[in-house]
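K.L.:
Below you'll find the structure I mean.
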Amino acid sequence: MSADTEGCAFCRIANGEFGVRFLYEDPDIVAFHDIAPKAPVHVLVIPRRHLKSLAEASPDQAALLGKLLLAAGQVARQLGVAETGYRTVANTGADAGQSVAHLHLHVLAGRDLAWPPG
Ligand code: AMP
Ligand code: ZN
């Protein structure tokens, strides 16, 4: 375990430490409900392996990044919002308000989502 992954809440969730229910899982990815939902549907899709943010992603992770988007689509279908619409967001860095330093895609749906975001 590296200094980054040690104490990382999302690494711990992905490891099953907190018994969080996964809406989707495969060998590379897990998805679970956001603890403080900002919309009726608010799911986080994360890689199991610690990656701080999109800013640190490298070309050899292209397949993983694509899989994250496909998993977001899968979750949206499962939750019945694929037709009505959903927003997929990755906050990267301080100005974007990233608060957890483990890459995650937000999947938000179930209400009229304002644009542009604040
Ligand atoms: P961000 O601000 O883009 O980094 O998003 C982090 C998200 O993680 C926020 O929406 C939090 O509500 C959510 N979050 C933080 N801790 C947990 C947790 N233990 N389980 C589920 N969601 C969490
Ligand atoms: Zn992590």
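The values are calculated or read from the model by the stated rules, or taken from the named source; none is laboratory data. Source: prediction; values computed, not measured. Note: ideal-geometry Cβ built from the backbone for every residue, glycine included; neighbour counts use all protein chains shown. The accessibility values were calculated without ligands, DNA or RNA, using every heavy atom of the protein model including side chains. Shrake-Rupley method; radii C 1.70, N 1.55, O 1.52, S 1.80 Å.
K.L.:
Taking every pair of distinct Cα atoms and averaging 1/r, then inverting, what Kirkwood hydrodynamic radius in Å comes out for segment 15-88?
P.N.:
Evaluated on segment 15-88, it is 13.2 Å.
K.L.:
Once both labels are modelled 7 Å past Cα along the beta-carbon direction, what's the Lys38-Ala114 spacing in nm?
P.N.:
1.1 nm
K.L.:
What is the gain in length, in nm to one decimal, between Ala9 and Tyr24 on full extension, counting 0.36 nm per residue of separation less the C-alpha to C-alpha distance?
P.N.:
3.6 nm
K.L.:
Ok, one more. Treating only the Cβ of Lys, Arg, Asp and Glu as charged (+1, +1, -1, -1), what charge dipole size does the chain show about its Cα centre? Round to the nearest 20 debye.
P.N.:
That gives the chain a dipole magnitude of about 240 debye.
K.L.:
Report the full-extension gain for the segment Glu17 to Thr84: residue separation times 0.36 nm, less the Cα-Cα distance, to one decimal in nm.
P.N.:
Additional length available on full extension: 20.7 nm.
K.L.:
Kindly report the accessible area of the chain per residue (heavy atoms of protein chains, probe 1.4 Å, no ligands, DNA or RNA), in Å².
P.N.:
On the way: 6990 Å² over 118 residues.
Computed with neighbouring chains in place, this is 59 Å² per residue.
K.L.:
What longest region of the chain stays clear of trypsin sites (Lys or Arg not before Pro) that DSSP places outside H, G, I, E and B and that have at most 16 other Cβ atoms within 10 Å?
P.N.:
That would be 53-110.
K.L.:
So what's the angle, to the nearest 10 degrees on a 0 to 90 scale, between helix 62-78 and the longest Cα principal axis of the chain?
P.N.:
40 degrees
K.L.:
When the accessible area of the chain is computed with all protein chains present and a 1.4 Å probe, what percentage of it is carbon and sulfur?
P.N.:
54 percent
K.L.:
Sticking with this structure for a sec: Return the whole-Å distance between the Cα centroid of segment 7-52 and the Cα centroid of segment 84-118.
P.N.:
Each part's Cα centre sits 15 Å from the other's.
K.L.:
Relative contact order for the chain: what is it in percent, counting Cα pairs under 8 Å that are at least 6 residues apart?
P.N.:
Relative CO of the chain lands at 29 percent.
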